[in-house]
Amino acid sequence: MTMRLFKKIALVTGAAGGIGRAVALCFADEGAVVIASDINVSGCAETLELLEQRGGSGISVQADVTREEEIEALYRQIAERYGKLDIVVNIAGGDAEPSADVEEIDYLKMSANLDLNLKSCILSCREAARMMKPQGFGKMVNMSSLAYRGSPNQFSYSASKGGIYSFTRSLAMSLGRYGITVNALAPALVEVPAFVRALGPERWEMLRQECAQRYPLGRIATPDDVARCALFLASDDAAFITGQIIEISGGARL
């Protein structure tokens with residue numbers, strides 16, 4: 001069977017996390033050379049080890065995507081080592097203020113959400129565009145969230161994810177003439193280790209069951225559900241799809 005990403009050079013940020021790791025492994029299984037990047041050095045190295053155990057290839061690069069100079073250094077390393085970049089999947093993100101009344105929005109936590117989710121994505125895409133435009137080809141996949149539609153008590157997080165939607169559409173309009181597609185993923189609740197740890201086993205199980213009962217498909221998402229959608233958007237199967245936000249939600253909020 002033909003590998004869908006054979007010999008493609010693919011950058012995955014947030015590769016130490018549950019979704020980022022799933023994307024990195026999925027892409028490697030399809031023949032991509034994966035640059036696994038994260039601020040978490042040991043977690044990123046573990047992703048690379050798992051990737052190599054499955055017969056994949058790539059490198060691990062530490063980068064704090066909230067720092068412009070580290071994003072620039074990451075892309076310089078890719079250019080120097082590979083001379084091109086075919087795919088970038090901007091997974092790195094998080095919620096620094098997961099629950100707050102509007103009167104209690106914290107400036108530093110709000111800024112952290114915008115830096116980690118929105119600004120990092122914009123800067124990464126900027127650097128990717130600089131490499132992809134001369135090539136006349138490229139695939140950008142950004143990480144939004146179903147919260148882009150709005151989410152009670154997740155004000156700055158929702159705003160950052162909504163910003164990714166608008167940015168993705170704008171970039172698709174700008175870069176299409178260069179053969180570059182730009183799309184975004186918008187998952188509902190995904191079972192990732194960091195979220196389970198943050199909530200604790202009991203609170204997590206209550207949330208998981210509550211969401212599963214509301215979603216028409218009767219379960220929450222796995223990291224592999226998200227990874228397979230990213231694979232589709234990064235492959236030639238999605239050659240004529242750009243500027244879209246794909247909801248990976250099991251039918252939530254229909």
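We did not get these values from a lab; they are worked out from the coordinates using the rules stated. What you see is a predicted model; the values in this text were computed from it and never measured. Using ideal geometry, Cβ is built from the backbone for each residue, glycine included, and neighbour counts are taken over all protein chains shown.
A few notes on this one:
- Equivalent-ellipsoid semi-axes for the chain (Cα gyration tensor, √(5λ), whole Å, largest first): 27, 20, 19.
- Taking 0.36 nm per residue of separation and subtracting the Cα-Cα distance, full extension of the segment from S166 to D115 would add 16.7 nm.
- Both radii are taken from the alpha-carbon atoms of region 61-100; with Rh as the Kirkwood radius, Rg/Rh is 1.12.
- Pairwise label distance in nanometres, E49 with Q77, each label 7 Å out on the Cα-Cβ vector: 1.8 nm
- Extension gain (nm, one decimal) between R130 and A194, 0.36 nm per residue minus Cα-Cα: 19.8 nm
- C-alpha center-to-center spacing [region 55-129, region 142-177] in angstrom: 14 Å
- Taking the convex hull of Cα positions in region 27-175, its mean projected area over all directions (nm²): 9.6 nm²
- CD proxy at 222 nm, helix term only [per DSSP H run n ≥ 4: -39500 (n - 2.57); per residue of the chain; nearest 500]: -14500 deg cm²/dmol
- In straight-distance terms, cross-link reach from K8 covers every one of the lysines whose alpha-carbon lies under 28 Å from its own, apart from those fewer than eight places away in the same chain; here that gives K84, K119, K133, K139, K161.
- Per-residue 3J(HN,Hα) values for region 86-91, derived from phi via the Karplus relation 6.51 cos²θ - 1.76 cosθ + 1.60 with θ = phi - 60°, read 8, 9, 10, 10, 8, 8 Hz in sequence order (x marks Gly and Pro).
- Order of D86, D101 under a 10 Å beta carbon neighbour criterion, fewest first: D101, D86
- When only alpha carbons are used to place a centre, region 8-31 and region 206-254 end up 17 Å from one another.
- Scanning residues 5 or more positions from Q244 or on other chains, those with amide H under 5 Å from its amide H are A184, with H placed 1.01 Å from N in the peptide plane.
- Per-peptide average of other Cβ atoms within 10 Å, ordering 213-219, 34-40 highest first: 34-40, 213-219
- Percent breakdown of C-alpha pair distances by 5 Å bin, ordered from the shortest bin, for region 118-225: 2, 11, 17, 18, 17, 13, 10, 7, 4, 1, 0
- Ratio Rg/Rh, restricted to region 49-123 and using Cα atoms, in which Rh is the Kirkwood radius: 1.11
- Projection of the Cα convex hull of region 176-254, averaged over all directions and equal to a quarter of that hull's surface, yields 6.1 nm².
- On Cα atoms only, tilt of 41-53 relative to the major axis of the chain in degrees: 60 degrees
- Length-normalised contact order of region 65-162 in % [C-alpha pairs under 8 Å, at least 6 apart]: 38 percent
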